[in-house]
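Below is one structure, written out as structure tokens; comments come after it.
The values are calculated or read from the model by the stated rules, or taken from the named source; none is laboratory data. Since this is a predicted model, take the numbers as computed values, not measurements. Neighbour counts run over all protein chains shown; Cβ positions are idealised from the backbone, glycine included. Note: accessible area is taken over every heavy atom of the protein model, side chains too, but ligands, DNA and RNA are not part of it. Shrake-Rupley method; radii C 1.70, N 1.55, O 1.52, S 1.80 Å.
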Amino acid sequence: MAFKFIVLFAACIAVSSAGLIPAAAPLAAVAQVEEYDPHPQYTYGYDVKDALSGDSKTQVESRDGDIVQGQYSLNDADGYRRIVDYTADPINGFNAVVRREPLVAAAPIVAAPAPVAPVVRAAPVVAAAPLAAPVVRAAPAFAAAAYTAPFTYAAAPAPIVKTVAPAAVAAPLVAAGPAIVKTQFASPLISYAY
């Protein structure tokens, strides 16, 4: 089998040297020149506020040469907003400063109204029915203890309790209304706005 390949290869070389098959034109090397920017510069940012899921996050970043500066923020599950300011450069490397802020501002402390004592009235007294005389039977031969009748309880109505409603009800902290969302994407060639 190897002999067949060697013979075929030799025949192809002989035919091409004889000039029966024209020689292929040399392929020109196609070189793609990549553009190199010695001082890259860009700025971008985005902001997401989804009223349906409650997702809220932002990011802004800019670059000038080898120096990158930016900030991003997001809502954590524990009710705080995490804000990260960062910088990166060839001398100091990457540095980030993390801050946490509560999502809901602390409500002002208002003096609570004095508690109102509930009005309690005494329940009516119910006289118990007289106890019936116990039925005496002959004790079995093996029991030596005497049997007594069980106690009888009279049901009493529940006490009446009256409470006073608070004078003012606090307004909700979040106002209901449509959320306005603006999103922009931009690059040197293409720009989108929603």
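Worth a mention:
- Segment Phe94-Leu52, length gained on full extension (0.36 nm per residue, minus Cα span): 11.6 nm
- Karplus-derived 3J(HN,Hα) values for segment 68-75, using 6.51 cos²θ - 1.76 cosθ + 1.60 with θ = phi - 60°, are 10, 10, x, 8, 9, 9, 7, 8 Hz; glycine and proline are entered as x.
- Computed lengthening from Asp37 to Tyr86, 0.36 nm per intervening residue step minus Cα-Cα distance: 15.3 nm
- The length gained on full extension between Ala2 and Val104, counted as 0.36 nm times the residue separation minus their Cα-Cα distance, comes to 28.5 nm.
- Accessible area in the full protein assembly, largest first, 1.4 Å probe, for Glu61, Glu101, Glu34: Glu34, Glu101, Glu61
- To the nearest 10, the accessible area of Val7 is 70 Å² with a 1.4 Å probe.
- With each label modelled as a point 7 angstrom along the Cα→C-beta vector, the Ala77-Ala10 pair spans 7.6 nm.
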